[in-house]
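Peer 1: One structure follows; several queries about it will come next.
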Amino acid sequence: MSTINNAETLKEAILLMEAEQTLNGQILKEQFRLTYESLKPINIIKEAMHDFSESPDGISNIMGTGMGLLTGFLSKKVFVGNSGNIFRKLIGSFLQFGVTNAVANHSDAIKKAAKLIFKQILHSKNRKSEDQEE
């Protein structure tokens with residue numbers, strides 16, 4: 001910055017700096033508002049859901065994990081039932097953990113097998129309906 005020798009140049013420099021400070025203050029306030037909005041829990045959740053929906057792996061991982069949790073829970077319910085036996089409940093918990101991990105880790109293969117089974121069922125139903133029409 002150059003040295004200021006007279007009062008008029010000093011006043012112009014002060015006005016320029018005040019205008020710059022006002023502009024920087026407005027920019028800072030706007031940035032603070034944006035940061036505050038982005039840190040709200042609902043906006044964090046929305047952003048996370050948006051990221052998952054944009055990523056094909058995200059949806060697949062969620063479905064695989066959900067399918068694993070559901071099958072693990074159902075396998076424990078089937079094995080333990082209404083039993084009050086503590087050992088049966090313990091084994092049921094281990095079974096649930098194992099089934100959940102197995103299904104979650106191999107969900108793609110299970111989905112492919114399920115699609116194949118459903119195709120076979122639909123194909124056999126179509127054949128039966130065609131045979132009945134003739």
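Please treat every number below as a calculation from the coordinates, not as lab data. Please read these numbers as outputs of a predicted model, since none were measured by experiment. All Cβ positions, even for glycine, are placed from backbone atoms using ideal geometry, and neighbour counts span all protein chains on display.
Peer 1: What number of residues within the range 6-60 are surrounded by 10 or more Cβ atoms within 10 Å (Cβ to Cβ) and not in a helix (DSSP H, G or I)?
Peer 2: Residues meeting the conditions: 2.
Peer 1: Being in a helix (DSSP H, G or I), of a type in the set (Gly, Ala, Ser) and surrounded by 11 or more Cβ atoms within 10 Å (Cβ to Cβ): is that true of SER83 here?
Peer 2: So SER83 fails the test.
Peer 1: Pick from the range 86-126 the residues that are basic (Lys, Arg) and surrounded by 12 or more Cβ atoms within 10 Å (Cβ to Cβ): which of them is farthest from ASN61 (Cα to Cα)?
Peer 2: Out of the qualifying residues, it is ARG88.
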